[in-house]
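The values are calculated or read from the model by the stated rules, or taken from the named source; none is laboratory data. Every value quoted in this text rests on a predicted model; they were computed, and no experiment measured them. Here the Cβ is made from the backbone with ideal geometry for all residues, glycine too, and neighbour counts use every protein chain on show. Each accessible area value is taken on the protein alone, full model and side chains, heavy atoms only, with ligands, DNA and RNA left out. Shrake-Rupley method; radii C 1.70, N 1.55, O 1.52, S 1.80 Å.
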Amino acid sequence: MSDASNMFLSDDRSGATVPYDLAVVVPVYNEQGSVRQVLLEWYEVLCKIGMNFCIFAYNDGSRDNSASVLESVAREYPTRIRVVNKTNSGHGPTILRGYREAAGMAEWIFQIDSDNEMGPDSFSELWRCRDKYDFQAGGRKGRCQMLPRKVVSFVSRMVIRVFYGKNTIWDVNTPYRLMRSEKFKELFLKIPDNTFAPNLIVSGYVARENLPYRQIDVPHRDRQTGEVSIKKWRLFKASLRAFLQTICFAVR
């Protein structure tokens, strides 16, 4: 599939929006070794829980065989797993696009990454308590971080607390988050398209608006395939960009 703005917004020729209970947003970049397993694990768990869901995998211009793997899975499960092939724009702009499109299709939005570092076993706990909270997050339990990433995580928390409010989750940039669409859809439209880490702004918004929220621990496992795309000096440059964008959004 080519980069098309209408993606899979409807299942019939009338153009009517499909009413999902849950839309899962999965950004994918060079994850040919893990993405099939990730999608199938989530598919099985969501089927067992029982809801009307769809998993939307956004292929962000992958240079490996991810596109072929995604298309193969989507052909097997065409009503539950759908693929959007797009030009590369980065993780943040990709999930932001996913959030905006999902907000018009589902009552709830859930975001996961495609690296298989956080599994689906804990999701049922979030789903069971969804009516009590507008926002739930899975904190990465047991995550092994080198010192530079620990520094980035600490500064991320401080930025949110200083510029948005102290009442916020601990793991402010976790890719494991369940959001009530109606509470966030206007925010998604206000966040600039090129935002490097929109999840930081979303976490800050939860604090600023004092939305009902909670965080649970979700086991984090080391990456088994692929590699981290941002390392060393690039990590600090990317983090500085994310911090500045998050601060600018708060004070504008």
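Structural descriptor for the range 41-101: relative contact order 39 percent, calculated from alpha carbon pairs under 8 angstrom and at least 6 residues apart. The alpha carbon centroids of the range 153-170 and the range 60-97 are separated by 31 Å. Computed in the context of the full set of protein chains, the accessible area of the chain at 1.4 Å probe radius has 51% of its extent on carbon or sulfur.
Accessible area per residue for the chain, computed on protein heavy atoms with a 1.4 Å probe, is 49 Å². Per residue, the convex hull spanned by the Cα atoms of the range 20-80 amounts to 67 cubic angstrom. Taking every DSSP helix (H) stretch of at least 4 residues in the chain, weighting each as -39,500 (n - 2.57) and dividing the sum by the residue count yields a mean residue ellipticity at 222 nm of -13000 deg cm²/dmol. List the residues of the range 105-140 whose backbone N lies under 14 Å from a point placed 7 Å from the Cα of Arg149 along the Cα-to-Cβ direction. Zone members listed by number: 113-118, 140.
Compared with the alpha-carbon gap, the fully stretched path from Val162 to Glu186 is longer by 6.3 nm at 0.36 nm per residue.
One chain, two ends: Arg128 and Ile49. Fully extended at 0.36 nm per residue, the span grows by 27.5 nm beyond their Cα-Cα distance.
Peptides 138-147, 31-40 ranked from most to least packed give 31-40, 138-147, packing being the mean of other C-beta atoms within 10 angstrom over each peptide's residues.
Ordering of 193-202, 152-161 by packing is 193-202, 152-161, highest average first (other Cβ atoms within 10 Å, averaged per residue). Projected onto its three principal axes, the C-alpha set of the chain covers 48, 37, 32 Å, listed from the longest axis down.
Ordered by packing density, taken as the mean number of other Cβ atoms within 10 Å over each peptide's residues, highest first, how do 174-184, 41-51 rank?
Values: 174-184: 21.0, 41-51: 14.8.
Taking the mean over residues of other Cβ atoms within 10 Å, the ranking is 174-184, 41-51.
In the elastic network of the chain, a GNM with C-alpha springs shorter than 10 Å, the most mobile of Asp115, Asp217, Asp134 is Asp217.
Taking all Cα-Cα distances within the range 55-118, those exceeding 18 Å account for 38%. Considering the range 112-252 at the alpha-carbon level, its Rg and Dmax are found to be 14.9, 42 Å.
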